[in-house]
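Novice: Once you've had a glance at the structure underneath, I'll fire off some questions.
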Amino acid sequence: MEKRIAVLPGDGIGPEVTAGAVKVLEVIARRFHHSFEFVHGTIGGAAVDESGTPLPEETVALCEQSDAILLGAVGGPKWDSNPADQRPEKGLLAIRKRFGLFANIRPVKAVPALLHQSPLKEDRVKDVDLVIMRELTGGLYFGEPSRRTEDAAVDTLVYTRDEIERIVRAAFELSRMRKSKVTSVDKANVLQSSRLWRDVVEDVRADYPDVEVEHQLVDSAAMKLITNPGAFDVIVTENMFGDILSDEASVITGSLGLLPSASVRTDGFGLYEPVHGSAPEIAGKGFANPAATILSAAMMLRQSFGMEDEAAAIELAVQTVYEEGHCTADVAAKGVRPLSTEEWASRVAEEVDVQSVSNSIMFSYV
Ligand code: IPM
Ligand code: MN
């Protein structure tokens, strides 16, 4: 297959981690006889510096002419005091909205070789295999009015039935490929938008009688995610709750550096990015873990290109490299020399080159 991939490295560690993923994708193309063309564009602070806006029209055009988007991360202290529309984060929100990428899929799966890195007890995290399905283009992130004066500020939380229904359906569909269990997370004891959310879940579940459904309030869900993470299968929730819960869920695997994500719409077009941020404090030092971006690239192959074997090859390579004891600084055991971002990505790329695909695909989220 011939595919064109828009690569938007962004800020901080974004360029390092996306370079690692591109390296792995190049090996995939060679091994599986595909042709991947990588076209680079700017987003976030890098775009503000270069063209005065966090999502330049050239970048939008580049993405429109591509089959998928691979993104690093945006943000950093350099732009913290910029006006709201010139903040790097605005670029990320704008690209999600512009391309209608309403479904954000964030799989969280324990990595056997790294269980000891989790601050939680090993027996509590060893069976964790859940997916957070986060609504990505509505809610507090996009509601109007959103403004502040010196002494007052307002943000608006709006959801329509249609917006809720499409993400809830996506969650039910995904759950059917897994354990057929959906946990809908809301704050229905306080928020009107959550009460609508809960009603829609109740309506949609009628079409999925085989799927087990539970409602949890977000505060309680945050607690259960730590005390009994193995009990979750698919969690579906609104934008802000999903943002918070997915960072929380990363402690299960021991590092935010391991969590990939896909932001997709119904036709399969998607943007793939690590859950972690731009980590400006370690940028350029080779400390960053490219695993989340490499695994996001695997999600891209599966979700947008239908390349299941290719995705599995990457996931297996990541697993093998961890089993061999190779780690970046965030997950390296005491006394073990961590590999640099570039070295670790190269190990995964070499592994993809030599392996044969096995059935034990630990990162597969379906
Ligand atoms: C994420 C990030 C973004 C978000 C920020 C950078 C705008 O935290 O993708 O989780 O809040 O969605
Ligand atoms: Mn986040």
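The values are calculated or read from the model by the stated rules, or taken from the named source; none is laboratory data. None of the values given here were measured: they were computed from a predicted structure. Here the Cβ is made from the backbone with ideal geometry for all residues, glycine too, and neighbour counts use every protein chain on show. Please note that ligands, DNA and RNA were not included when accessible areas were found on the heavy atoms of the full protein model with its side chains. Shrake-Rupley method; radii C 1.70, N 1.55, O 1.52, S 1.80 Å.
Novice: Just the residues that are within 16 Å of ligand 1 (Cβ to nearest atom) and among the β-branched types (Val, Ile, Thr), please, taken from region 89-146.
Specialist: Ile95, Ile105, Val108, Val131, Ile132, Thr137
Novice: Let me ask something additional. Find all pairs meeting these conditions: Cβ atoms under 7 angstrom apart; at least six residues apart or on different chains; first residue within region 17-44 and basic (Lys, Arg); second residue open to solvent by 60 Å² or more (accessible area, probe 1.4 Å).
Specialist: Arg31/Asp353
Novice: Filter region 218-253 down to the residues that are part of a helix (DSSP H, G or I) and among the aromatic types (Phe, Trp, Tyr) and list them by number.
Specialist: Passing the criteria: only Phe241.
Novice: With the checklist (1) in a loop (DSSP other than H, G, I, E, B); (2) closer than 18 Å to Ala103 by Cα in hand, flag the one item Val182 doesn't pass.
Specialist: Only one criterion in (1) in a loop (DSSP other than H, G, I, E, B); (2) closer than 18 Å to Ala103 by Cα is unmet by Val182, namely (1).
Let's see how each residue does on (1) in the same structural domain as Glu214 (by TED's automatic domain parsing); (2) open to solvent by 40 Å² or more (accessible area, probe 1.4 Å); (3) closer than 15 Å to Thr266 by Cβ; (4) over 22 Å from the mean Cα position of the chain (by Cα):
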residue: Ile132; (1), (2), (3), (4): yes, no, no, no
residue: Gly139; (1), (2), (3), (4): yes, no, no, no
residue: Val158; (1), (2), (3), (4): yes, yes, no, yes
residue: Glu165; (1), (2), (3), (4): yes, yes, yes, no
residue: Val168; (1), (2), (3), (4): yes, no, yes, no
residue: Ala171; (1), (2), (3), (4): yes, no, yes, no
residue: Thr183; (1), (2), (3), (4): yes, no, no, no
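Novice: Can you tell me which residue among Ala68, Ala61, Ala73 is touching a His at 6+ places or on another chain (Cβ under 9 Å) and either within 14 Å of ligand 1 (Cβ to nearest atom) or open to solvent by less than 60 Å² (accessible area, probe 1.4 Å) (or both)?
Specialist: Step by step, each of Ala68, Ala61, Ala73 is checked, and only Ala73 is touching a His at 6+ places or on another chain (Cβ under 9 Å) and either within 14 Å of ligand 1 (Cβ to nearest atom) or open to solvent by less than 60 Å² (accessible area, probe 1.4 Å) (or both).
Novice: Return the residue satisfying two criteria in turn: it lies in region 319-346 and is surrounded by fewer than 19 Cβ atoms within 10 Å (Cβ to Cβ) and among the charged types (D, E, K, R), and of such residues it is nearest to Pro119 (Cα to Cα).
Specialist: Looking at residues that are surrounded by fewer than 19 Cβ atoms within 10 Å (Cβ to Cβ) and among the charged types (D, E, K, R), I get Lys334.
Novice: Could you grab me the full set of residues in region 188-210 that are over 23 Å from Arg176 (Cα atoms), open to solvent by 20 Å² or more (accessible area, probe 1.4 Å) and hydrophobic (A, V, I, L, M, F, W, C)?
Specialist: Val190, Leu191, Leu196
Novice: Under the condition of being within 16 Å of ligand 2 (Cβ to nearest atom) and of a type in the set (Asp, Glu), which residue from region 211-245 is surrounded by the fewest Cβ atoms within 10 Å (Cβ to Cβ)?
Specialist: Ranking the candidates gives Asp243 first.
Novice: Just checking, does region 144-156 include any residue being within 23 Å of the chain's Cα centre (by Cα) and outside the structural domain of Gln319 (by TED's automatic domain parsing)?
Specialist: no
Novice: Within region 78-98, can one find any residue that is assigned by TED's automatic domain parsing to the domain that holds Ala262, small (Gly, Ala, Ser) and exposed (fewer than 14 other Cβ atoms within 10 Å of the Cβ)?
Specialist: yes
One line per residue, one yes/no per condition, for (1) within 19 Å of Ala103 (Cα to Cα); (2) over 14 Å from the mean Cα position of the chain (by Cα):
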| position | (1), (2) |
| --- | --- |
| Leu191 | no, yes |
| Arg198 | yes, yes |
| Ala231 | no, yes |
| Gly268 | yes, yes |
| Glu273 | yes, no |
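Novice: Would you point out the residue of region 279-288, among those that are open to solvent by 10 Å² or more (accessible area, probe 1.4 Å) and in contact (Cβ under 8 Å) with a residue 24 or more places away in the chain, that is farthest from ligand 1 (Cβ to nearest atom)?
Specialist: Applying the filter and picking the extreme gives Gly286.
Novice: Right, another one. Check off (1) more than 30 Å from Ala329 (Cα to Cα); (2) not assigned by TED's automatic domain parsing to the domain that holds Gly277 for Pro112 and give me the number that stays unchecked.
Specialist: The single condition Pro112 does not satisfy is (1).
Novice: On to the next question. Output the residue which, of all residues in region 251-277 that are open to solvent by 10 Å² or more (accessible area, probe 1.4 Å) and among the polar types (S, T, N, Q), is nearest to ligand 2 (Cβ to nearest atom).
Specialist: Among those residues, the one meeting the criterion is Ser255.
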